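The next block holds one structure in the form of structure tokens; read it before the comments.
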Amino acid sequence: MIAGLSHLPTGTKLFLILSVALLPLALIAQFAARQTTRAADLEVASHARVAAKESASALNIELAGDMTALRVALNALDEDGADTPSCARAQGVFGQQLAAGLRFTIADRDGRILCGSAAPSPVQVTPPDRPGAISAGLEPETGLALAMISPSRAVTAKVFFPVMMLADIARPVGFTAPYASMLVLGRQRLTLQALPSMTAFDRTEVVGLPLGIAGLTFETTLRSAPISSALVVAMILPLIMWAAASGIGWFVVDRLLIRPLRDLRTLVASYQPGEVLDLRLARSMPAEEIRALGDTFRTISRTVVAHEAGLAEGLVRQTKLTREVHHRVKNNLQVISSLINFHARGARSAEATSAYAAIQRRVDALAVVHRNHFAELEETRGLSLRSVIGDLASNIRATAPDRAGLSIQLDLDSYLSTQDVATAVAFLLTEIIELAMMVQHDAAIRISLKPPAQATGAEDSAPNHLLATLRISSPALIDSDPLRVELAERYGRVMEGLSRQLRAKLYHDPLVGSYEIAIATTGRDGY
């Protein structure tokens, strides 16, 4: 369950947890209130049952006694229609009830009255089909009628009990609580006593008992505890308290904790390096702990600002120092170049002048790499091999002897490399061009830098798109005795060492007159 709630907001999870935790308490309180009401209802039901038994017993005695006396007269008149003493005895038995409104009649099948009144009852009642049985009829607000038939089926007897008489008979002795009573026969109902001022919120307890005469049932109704405001509150208050406790818990946590944390998170998320957090919103938050957390974030942001200021100042100092170092290196290379040039002009032989020129070209190669590295220092993208090779070719043409008709043609794509690779490439080009000049003074040299057809000869596993092929071709590099001599005596070992520094194999095509090597780069310039 907890895992299923993990994606919900904290306020929602708290509301659900409180709801589940407090719901049993609310149900227990509601159950206790219902049990109290049920106990009161049981007590009322007990009183109703006692009253119903007393009333039903009184009615049963009265009705059974009257019907027994009437049956005696009915049977006597069935044997002798002129039995006047039997009729007189029946009238004597019913004397007191006749004064209370009771009426009876005994008549033959022709309708001739043998005993009793001419109109005994306004209630319609049909005599039973068999002798000994009693049939009944009820008329609301009027009374009860009973009928029976003689053994010969020639004589019938009917008796009418008015409602007021029945109500007096059914009134329980010593019972003072408001009650209602009625006789029930199927769907017919005769109210003997009604409850006054019944409302929609009144509750009652009903007890019904059979009288054992003609299918009649006597019902007694007593008021039970009404649906009062106190009862409603007792039933609903636990649920209201459950909902209120869960809602208040969610509200307090959401307003005092979750929402301030959300606002603080938004404030921290919008933080930009170099800024100091504006925590005026955090200081107005209701939770002291969250205000303390906001002050901590503000202190951290101030520390970050101070640290970044220190880093920026250190970077400025480092940049100045780096510029100074590069400036001094450049000056030193210029001094070395000037000294070599000075000694070259004072050389006494062509061999010494050539040697000084060779040294000059190597110093110039290093100076070219250093100058381009210093130019790219701010962007730190890497050195442009196209610029390095172009400057190097210009310097070599400028330092070549006047009698040499050296020509250099360039076909270079834009590649970037590190300083170490650029230095090795500059020295390798210088060695190969000087080798061609030693074999043929007026050598025509072509230098190209292109994407490789395939990554061959690279010792490192550099991606193919970071490789470039450097190719130097010239008729002077075609296999010949002078070329082999120069390679064996001076240039071969240097060129091999430089290729190892580039971590690639230097390929020589003696038939075409070209050298080719794969160079690791840092990417294309402008890509």
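The values are calculated or read from the model by the stated rules, or taken from the named source; none is laboratory data. Keep in mind that what you see is a predicted model, and the values were worked out from it rather than measured. Neighbour counts run over all protein chains shown; Cβ positions are idealised from the backbone, glycine included. The protein model used for the area step is the full one, side chains on, heavy atoms only, and it has no ligands, DNA or RNA in it. Shrake-Rupley method; radii C 1.70, N 1.55, O 1.52, S 1.80 Å.
Set side by side, the residues R89, R38 differ, and just one is among the charged types (D, E, K, R) and at pLDDT 80 or above, which is R89. Yes or no: the range 389-398 includes at least one residue that is at pLDDT 80 or above, within 20 Å of G497 (Cβ to Cβ) and open to solvent by 30 Å² or more (accessible area, probe 1.4 Å). Scanning the range 389-398, I find no residue that is at pLDDT 80 or above, within 20 Å of G497 (Cβ to Cβ) and open to solvent by 30 Å² or more (accessible area, probe 1.4 Å), so the answer is no. Each residue in the range 478-507 was checked for being in a helix (DSSP H, G or I) and aliphatic (A, V, I, L, M), and 7 pass. Taking first residues from the range 324-341 that are among the hydroxyl-bearing types (S, T, Y) and partners that are at pLDDT 70 or above and surrounded by 12 or more Cβ atoms within 10 Å (Cβ to Cβ), the Cβ contacts under 9 Å between residues at least 6 apart in sequence or on separate chains come to S337/Q360; S337/V363; S337/D364; S337/A367.
Those residues that are of a type in the set (S, T, N, Q) and farther than 17 Å from T156 by Cα, I need them from the range 84-96; list them, please. The one that is of a type in the set (S, T, N, Q) and farther than 17 Å from T156 by Cα: Q96.
Taking only the range 466-481 into account, find how many residues are under 27 Å from R371 (Cα atoms) and at pLDDT below 90. Summing the residues that are under 27 Å from R371 (Cα atoms) and at pLDDT below 90 in the range 466-481 gives 2.
Here the condition is being aliphatic (A, V, I, L, M), open to solvent by less than 30 Å² (accessible area, probe 1.4 Å), farther than 15 Å from L498 by Cα and not in a strand (DSSP E or B); of A424, A436, it holds for A436 alone. Would you call L449 modelled with pLDDT under 90, of a type in the set (A, V, I, L, M), touching a Phe, Trp or Tyr at 6+ places or on another chain (Cβ under 9 Å) and open to solvent by less than 10 Å² (accessible area, probe 1.4 Å)? Here the answer is no, as L449 does not meet what is asked.
Within the range 133-153, the set of residues being more than 21 Å from D110 (Cβ to Cβ), touching a helix residue (DSSP H, G or I) at 6+ places or on another chain (Cβ under 8 Å) and assigned to a loop (DSSP other than H, G, I, E, B) comprises I134, E141, T142.
Scanning the range 155-171 for residues that are out of contact with any Pro (no Cβ under 8 Å at 6 or more places or on another chain) and within 16 Å of G65 (Cα to Cα), we see that the one that is most open to solvent (accessible area, probe 1.4 Å) is I169.
Conditions first: (1) farther than 30 Å from A51 by Cβ; (2) touching a helix residue (DSSP H, G or I) at 6+ places or on another chain (Cβ under 6 Å). A107 passes all but one, so which condition is the exception? Single failed check for A107: (2). Across the range 97-110, the qualifying residues are those that are open to solvent by 50 Å² or more (accessible area, probe 1.4 Å) and in a loop (DSSP other than H, G, I, E, B), and the one among them that is nearest to V155 (Cα to Cα) is R109.
Taken residue by residue, the range 47-69 has at least one member that is crowded, with 21+ Cβ neighbours inside 10 Å, under 60 Å from the mean Cα position of the chain (by Cα) and either assigned to a helix (DSSP H, G or I) or at pLDDT 85 or above (or both).
Tell me, yes or no, whether the range 171-180 has at least one residue that is at negative phi and either modelled with pLDDT of 85 or more or in a strand (DSSP E or B) (or both). Within the range 171-180 (the criterion being at negative phi and either modelled with pLDDT of 85 or more or in a strand (DSSP E or B) (or both)), the answer is yes, since at least one residue qualifies.
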